[in-house]
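Data first, discussion second: the structure below is written as structure tokens.
The values are calculated or read from the model by the stated rules, or taken from the named source; none is laboratory data. The structure displayed is predicted, hence computed values, not measured ones. Cβ: placed from backbone, ideal geometry, glycine included. Neighbour counts: every protein chain shown. In case anyone asks, the SASA skips ligands and DNA or RNA and just uses the protein heavy atoms, side chains included. Shrake-Rupley method; radii C 1.70, N 1.55, O 1.52, S 1.80 Å.
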Amino acid sequence: MTNKLFSVRSSTEGNSRILARTGTLLLPKVGQVLTTPALLTPSTRGTLPNLTPDNVKNVTNIKAIQVSVECFMGKLPSVPFLKYPGDIREIFCLEDDMIMVLTPRASNAEPSNRANCDDAIEMKTVEGFRKLPIKNFIEFAQRFNPDILVCPLDLPDSGSGAFPGNNRIKKLVHRSRCWLNDIIEKVDTTNDTQIFVSVLPTVNPFYQKEYFSFINQNLESIKGLNFHPNISVLFSDDKDNVESSEFNLSKPCGLTPRDPASYVEAVSKFSNVAMDDLLELPRYVSSACTLPHHILKLVSQGYDLFNDDISVAYANAGVALDFTFPAPPFANDKERNFGISLWKKMYRIDMTSVHCHSTDVLGTHKKAYIHHLLNAKEMTSAVLLTIHNTRVMEDFFEGIRRTVDNNTFEQEMKRFFQIYSGDNDGVKLLRESRDIVPVASAFVLDRPPTRKLIAFYNDDLLWKKNNK
Amino acid sequence: MPSPLASSASKALTFNVIAKCSRSKARASTMILPHGEVQTPMFMPVATQASLKGLTSAQLAQLDCKLCLNNTYHLGLKPGQEVLDAVGGAHKLQSWDRNILTDSGGFQMVSLLKLATINEQGVKFLSPHDGTPMLLTPEHSMSLQNSIGSDIIMQLDDVVSTLTTGPRVEEAMWRSIRWLDRCIAAHKYPERQNLFAIIQGGIDDDLRKICCEEMMKRDTPGIAIGGLSGGEDKSSYCRTVSLCTDILPQNKPRYCMGVGYAEDLIVSVALGADLFDCVFPTRTARFGNALTSSGSINVKKGQYAEDFSPLDFDCTCPVCKPKSEGGMGATKAFLHHLVTKETTGAHLLTLHNIHYQLNLMRKAREAIVDDKYPEYVREFFSKRYAGDKTRYPQWCIDALASVNIDLLA
Ligand SMILES: [Zn+2]
């Protein structure tokens, strides 16, 4: 067996269509063990959005971050951090044992409509169009010395949705193979960097034979698989896509196998690799998911590693996530919001905690305060909500692992979909308009008598409960 | 504990001067407020809208900040008085169980709203939201600050630009005195909130003297020196502060409003002031400026892109302190890379700058207690100007000489 770092702990294979599994991934470089399914926190410019390093250390349990080379493209080929003599974690003020996953592109990267070259990827970054030569990517990989290195792909423009023609397929298979070859040859893996090979998402396995056989020849060096499910489906408003049992990650091209196990089956079929060798590789979804439902679906299909793009996206939108997995035992299984928009005026004097069902990490900070911060356009709202949402996601994954281990994942997933779906769809929450007008009645001449507001505190709720 | 050199106690404030510089007028004191003891000289960071730009109250507490400011004008707009009343005040709203000081709201109005006009009744202005005519009276200001629940509240004063001359200055001075009387009458909670008077009178020595005498008759728990830091020349500023501290009682705290540049703080402490506030350290952080012992540096500059050293080798803030000592160990290169691109860059510089201000005053206090304030002042200037005495500002040399500190010694 080539891969001793990842081992599947329990899986529900054979149990209907659910392929969810738990496992442990050893990361010897930082001396960490990640239990999967696990969450990576995407960083931008080496920092976690809204979280200063002291907050990361003191108020979150973040163990692993995703760093994309795209954030450092500004001054290529002169990248100051490549000159730093020490461990790159030091310069980013990260803890020494923080797991670092290096990817070419950000999880929520914008597709570029410029064509890649034989030796470079074209990307559209926040600073405009940039070209990332593969040799520079390798330089980053050597210098950043990540725990996991995700290989680049020659992806056709995923924006158009068009299926690449035969010549383009040949080219992209060839380029991806060459780039993988370069990386295997040039990146020093003796210091425990684990190479994750990227799966070509829109290409029929039959056409990928060359790529597969190359993977086959280099299985010694490959420690994991990276998938790019088609994000446009995940972003869709249409909740049928989420709920559908035929939830198909590769739409609109429809050529990638529906789940990683059948992908692995195809690879082994076309390349004579022993299935077991590939099945035991960890599977990373490097695209962004915006709903917890998407993550559950992907877990049920057997994926192991995910990016947490949810916490920050909702925090920036003023939404406090409010769900757990398994869903809490509500009296009746009527639909619930999986988050609350703190923009709503109803929270302006609500002195109850932000957390309802998840772990309390905000302590004394109440809904009314975050509502005020949002209204006053104070950045601290995003900081507090990111801290809260990150913990909700951590708890969510803890619940996923627990239910997979005790074989209740499938039924809990069904219950989750029943409770947290329908009108209260998160996409709507993100877009929720805000129409809050500042009240300045304290200064109004001849101030009219106003109805006295009475805030409620957690103690009041308790009191009500006990006196019912 | 030795008995204090001077002390006063009112219902919600006990002030004890515990040490005095044997040369200058600098003094060290403890002040017991409803939300805990604070030590002066002290800088108070400004959390305008009940939040310090991107920091959590836990982070601010970690910097050992014991007293921060909120702005009454802003809190009156958002979240508004009804909400403040409903939730039980600003401490509860922002989860800050330490002390809060609020201004009267008047200065903010006059400086933020061009159309504000002042008459005997109060400050008239148009709502920034819909243009409705509104009025801030001394009674309104007290009512709002009572709803906020701040530990120190400020009287509404008639603010005129320090560059103003002629009868308007005197009018504003007398009106501020009348308004203090109205504030005292309207203040609902003297047992838990301390109303401070504000000395006005521009840079006119006679008016300042009269104002000090009149305000002292009202026997407020503390007194502020207002109407400065508005563009007057530095020597006028120093002369006015020094004149006031000579008259004001030894046993009450003196608050120099709107002062925050390091040199101003160091000199004002020598002139006998205890409390200071300014938005400067937080505002300048958002433009990429870090305050250091050798002056302000802008980390946006290209020269810092590959500078892997901390902002300030002397700094013990959580940002600069190396990881081995429990800090973050941030370098100029990292901050250069973040600042103006990621909000965390501004948050880190804000943390550093507030620490710088708090620490500058903490160390000043230690020096006063050890009766080494003149040495502390000389060391401060020497570091700031890299030992080059020819670069020392003349106003600093003069002001310090007036209180027997020879900067060039
Ligand atoms: Zn510092």
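If the condition is being touching a Lys or Arg at 6+ places or on another chain (Cβ under 8 Å) and either within 14 Å of chain B (Cβ to nearest Cβ) or of a type in the set (K, R) (or both), then the range A:376-415 contributes A:A376, A:E378, A:M379, A:T380.
Among residues of the range A:205-217 that are farther than 14 Å from A:L153 by Cβ and assigned to a helix (DSSP H, G or I), none has a Cβ under 9 angstrom from a residue that is open to solvent by 80 Å² or more (accessible area, probe 1.4 Å) and hydroxyl-bearing (S, T, Y) at a sequence gap of 6+ or on a separate chain. Taken as a whole, the condition of being surrounded by fewer than 24 Cβ atoms within 10 Å (Cβ to Cβ) and either touching a residue at least 60 places away in the same chain (Cβ under 8 Å) or within 24 Å of the chain's Cα centre (by Cα) (or both) does not apply to B:L115. Within the range A:177-200, being open to solvent by less than 20 Å² (accessible area, probe 1.4 Å) and touching a Phe, Trp or Tyr at 6+ places or on another chain (Cβ under 7 Å) holds for A:L180, A:F196, A:V199, A:L200. With respect to the conditions (1) aliphatic (A, V, I, L, M); (2) more than 24 Å from A:V126 (Cα to Cα); (3) within 12 Å of the ligand (Cβ to nearest atom), B:I368 lacks only one, and its number is (3).
When only residues in the range B:246-301 that are of a type in the set (S, T, Y) and surrounded by 22 or more Cβ atoms within 10 Å (Cβ to Cβ) count, which is nearest to B:G387 (Cα to Cα)? Out of the qualifying residues, it is B:S268.
Restricting B:K341, B:K363 to residues that are among the basic types (K, R) and either within 16 Å of the ligand (Cβ to nearest atom) or in contact (Cβ under 8 Å) with a residue 40 or more places away in the chain (or both) narrows the list to B:K363. Of the residues making up the range B:296-330, just one is touching a residue at least 24 places away in the same chain (Cβ under 8 Å), under 25 Å from A:D97 (Cβ atoms) and more than 11 Å from the ligand (Cβ to nearest atom), namely B:F308. Candidates B:L93, B:L67: the one that is open to solvent by less than 10 Å² (accessible area, probe 1.4 Å), at the interface with chain A (Cβ under 7 Å from one of its Cβ atoms) and closer than 15 Å to B:A50 by Cα is B:L93.
Residues checked against (1) modelled with pLDDT of 90 or more; (2) under 23 Å from A:E410 (Cβ atoms); (3) surrounded by 17 or more Cβ atoms within 10 Å (Cβ to Cβ):
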{"position": "A:D237", "(1), (2), (3)": "no, no, no"}
{"position": "A:A261", "(1), (2), (3)": "no, yes, yes"}
{"position": "A:A274", "(1), (2), (3)": "no, no, no"}
{"position": "A:S300", "(1), (2), (3)": "no, yes, yes"}
{"position": "A:V312", "(1), (2), (3)": "yes, no, yes"}
{"position": "A:F325", "(1), (2), (3)": "yes, yes, yes"}
{"position": "A:P329", "(1), (2), (3)": "no, yes, no"}
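Filtering the range A:58-117 to residues that are within 15 Å of the chain's Cα centre (by Cα), among the polar types (S, T, N, Q) and not in a strand (DSSP E or B) leaves A:S107, A:N108.
Number of residues in the range B:132-168 that are surrounded by fewer than 24 Cβ atoms within 10 Å (Cβ to Cβ), hydrophobic (A, V, I, L, M, F, W, C) and over 23 Å from the mean Cα position of the chain (by Cα) equals 1. Go through (1) touching a helix residue (DSSP H, G or I) at 6+ places or on another chain (Cβ under 8 Å); (2) open to solvent by 10 Å² or more (accessible area, probe 1.4 Å); (3) more than 30 Å from B:A224 (Cβ to Cβ); (4) within 14 Å of chain A (Cβ to nearest Cβ) and name the single condition B:A333 misses. All conditions are met except number (2). Per the listing A:L362, A:L373, the residue uniquely under 23 Å from the mean Cα position of the chain (by Cα) and at the interface with another protein chain (Cβ under 10 Å from one of its Cβ atoms) is A:L362. Just to be sure before I move on: is B:W179 open to solvent by less than 20 Å² (accessible area, probe 1.4 Å) and either outside any strand (DSSP E or B) or polar (S, T, N, Q) (or both) in the structure I sent? Considered against the rule, which asks whether it is open to solvent by less than 20 Å² (accessible area, probe 1.4 Å) and either outside any strand (DSSP E or B) or polar (S, T, N, Q) (or both), B:W179 comes out as yes. In this structure, does A:D425 turn out to be over 30 Å from B:S141 (Cβ atoms), open to solvent by 20 Å² or more (accessible area, probe 1.4 Å) and at pLDDT 80 or above? Spelling it out, it is not the case that A:D425 is over 30 Å from B:S141 (Cβ atoms), open to solvent by 20 Å² or more (accessible area, probe 1.4 Å) and at pLDDT 80 or above.
Residues in the range B:365-396 that are assigned to a helix (DSSP H, G or I), closer than 24 Å to B:D233 by Cβ and open to solvent by less than 30 Å² (accessible area, probe 1.4 Å): B:V377, B:F380, B:F381, B:C396. Tallying residues that are more than 8 Å from chain A (Cβ to nearest Cβ) and open to solvent by 20 Å² or more (accessible area, probe 1.4 Å) within the range B:36-56 yields 4.
The set of residues from the range B:70-90 being outside any loop (DSSP other than H, G, I, E, B), of a type in the set (S, T, N, Q) and more than 7 Å from every other protein chain (Cβ to nearest Cβ) comprises B:N70, B:T72.
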